[in-house]
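The values are calculated or read from the model by the stated rules, or taken from the named source; none is laboratory data. Predicted model only: the values in this text are computed from it and were never measured. Quick reminder, even Gly has a Cβ in these numbers, built from the backbone with ideal geometry, and neighbours come from all protein chains shown. All accessible areas refer to the heavy atoms of the entire protein, side chains included, with ligands and DNA or RNA removed. Shrake-Rupley method; radii C 1.70, N 1.55, O 1.52, S 1.80 Å.
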Amino acid sequence: MKILGIETSCDETAAAVVQNGTDILSNVVVSQIDIFAEYGGVIPEVAARSHLEAMMPVVKKALKDANCTWDDIDAIAVTHAPGLLGSLLIGTLTARTLAILHHKPLYAVHHLKSHVYANWLNGVPRDGFIRFPILALVVSGGHTQILYMPAHNQFEIIGTTHDDAVGECFDKVAKILGLPYPGGPSIAKAAEKGNPDKYKLPHPRVENLDFSFSGLKTAVLRAVQKELNLPISHPSHDLKNHLSDQQVADFSASFQKTAVDILCEKLDLALAQHPEVKSIVLAGGVSANEALRKALPRAFSPAPYLSGDNGAMVAAAAYYEIESGVKSTDPYSLNIYPRISIENK
Ligand code: KG4
Ligand code: ZN
């Protein structure tokens with residue numbers, strides 16, 4: 001079965017053709033990073049406009065790269081939740097129109113489900129190796145959650161962030177340190193030359209398996225001001241002008257270590273509560289982080305190029321929805337849900 005997956009929930013316009021949920025026949029991703037690097041973050045209206053321009057060329061290239069015509073495509077899958085409203089609209093309207101035009105069944109997929117299913121991609125017969133029940137640590141720009149997965153297409157949120165997502169925290173700390181957007185890869189790179197034990201940063205006290213990352217960002221801000229002997233009223237956007245390269249590297253390494261330690265602590269707690277778990281998978285943009293991967297050698301993670309937003313993971317998720325008996329959706333009435341949880345989808 002060949003599925004065309006379409007993803008536009010944030011700032012990547014992406015389409016891919018995937019066979020049987022694992023074999024990537026094509027994977028086209030047009031990133032808007034260059035546009036948003038200038039602003040230091042995503043501007044929703046600009047993102048939607050860019051999706052509109054890139055969408056059809058990306059779909060056409062995905063079909064061409066896969067050597068497919070519309071006759072070869074069995075179904076269309078699209079992200080309809082959660083994400084930026086305007087961005088989701090462009091992807092879903094495109095998928096709905098194509099489904100009607102080419103008489104294809106349409107599947108609407110939750111974005112976090114797609115990130116989890118990126119672990120099944122790449123033609124590797126992973127089903128034999130990733131075994132249920134699974135714990136999925138979802139670490140992206142918008143979410144930080146621990147999901148319990150007893151079987152394909154079944155998700156229970158057992159831990160979630162009370163405020164910022166861990167990726168968002170990487171992005172905000174990078175801004176304080178004067179590192180380019182997106183902050184995750186910039187911090188990881190700067191951290192290579194830094195001392196992770198140079199600055200002691202606090203771990204938040206959050207009950208159970210939940211997270212909080214807004215305090216960590218503020219702790220970095222205060223630590224930078226203290227290191228520079230500047231008052232806490234000193235504007236955060238100016239701090240970068242006073243930091244040496246070594247200080248930036250040390251703050252990056254210390255922050256990254258703390259963020260990774262926090263994630264690992266909660267995952268350990270989740271494993272202690274669920275000793276029946278057989279596999280751990282990482283999912284979302286932050287799963288590309290080397291320090292996190294090294295700290296969790298037992299965990300499966302997608303190939304780094306599949307950990308960020310892409311269409312292949314949408315097609316993979318739809319394949320396992322179909323396998324689990326999920327019916328296709330009506331292309332005339334499909335809605336978008338910018339904030340809905342994975343449990344309600
Ligand atoms: O999953 P994703 O591509 O988009 C969302 O669904 O949010 O995740 C984007 C997030 C950004 O916050 C980015 O800074 C972070 O993933 N990220 C990383 C790395 N690569 C991307 N964070 C830490 N280390 C990385 N290597
Ligand atoms: Zn994502």
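Summary of values
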quantity	calculated
Subset tally (residues that are within 16 Å of ligand 1 (Cβ to nearest atom) and in a helix (DSSP H, G or I)) for segment 288-334	17
Where a residue in segment 60-88 is under 23 Å from K327 (Cα atoms) and its partner, wherever it lies, is among the acidic types (D, E), with Cβ under 7 Å and at least six apart	T79/E7
Residue match in segment 113-132 (condition: farther than 16 Å from Y319 by Cβ, touching a helix residue (DSSP H, G or I) at 6+ places or on another chain (Cβ under 9 Å) and not charged (D, E, K, R))	no
Members of segment 219-242 that are assigned to a helix (DSSP H, G or I), surrounded by 14 or more Cβ atoms within 10 Å (Cβ to Cβ) and either outside the structural domain of V166 (by TED's automatic domain parsing) or out of contact with any Phe, Trp or Tyr (no Cβ under 8 Å at 6 or more places or on another chain) (or both)	A219, L221, Q225, S236, L239, K240, H242
Selection count where residues are in contact (Cβ under 8 Å) with a residue 60 or more places away in the chain and under 14 Å from the mean Cα position of the chain (by Cα), scope segment 148-174	5
Any hit, segment 5-27, residues being assigned to a loop (DSSP other than H, G, I, E, B) and either free of Cβ contacts under 8 Å to residues at least 24 places away in the same chain or not assigned by TED's automatic domain parsing to the domain that holds V314 (or both)	no
All helices (runs of 4 or more DSSP H) inside segment 79-196 with 2 or more residues being outside the structural domain of E12 (by TED's automatic domain parsing)	166-177, 183-191
When residues of segment 254-287 are limited to those that are open to solvent by 40 Å² or more (accessible area, probe 1.4 Å) and not in a helix (DSSP H, G or I), the one nearest to G128 (Cα to Cα)	K278
Residue match in segment 181-194 (condition: modelled with pLDDT under 95 and surrounded by fewer than 23 Cβ atoms within 10 Å (Cβ to Cβ))	yes
All positions within segment 288-311 that are open to solvent by less than 50 Å² (accessible area, probe 1.4 Å) and within 16 Å of ligand 2 (Cβ to nearest atom)	A288, N289, L292, S301, P302, A303, L306, S307, G308, D309, N310, G311
Residue within segment 79-91 that is within 24 Å of I340 (Cα to Cα), of a type in the set (S, T, Y) and open to solvent by less than 10 Å² (accessible area, probe 1.4 Å) present	yes
Those residues of segment 175-200 which are within 17 Å of the chain's Cα centre (by Cα) and either under 16 Å from A223 (Cα atoms) or within 16 Å of ligand 2 (Cβ to nearest atom) (or both), in sequence order	Y181, P182, G183, G184, P185
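Let's see how each residue does on (1) open to solvent by 10 Å² or more (accessible area, probe 1.4 Å); (2) within 16 Å of ligand 1 (Cβ to nearest atom); (3) touching a Leu at 6+ places or on another chain (Cβ under 9 Å):
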{"site": "N20", "(1), (2), (3)": "yes, no, no"}
{"site": "Q32", "(1), (2), (3)": "no, yes, no"}
{"site": "F36", "(1), (2), (3)": "no, yes, no"}
{"site": "E45", "(1), (2), (3)": "yes, no, no"}
{"site": "W70", "(1), (2), (3)": "yes, no, yes"}
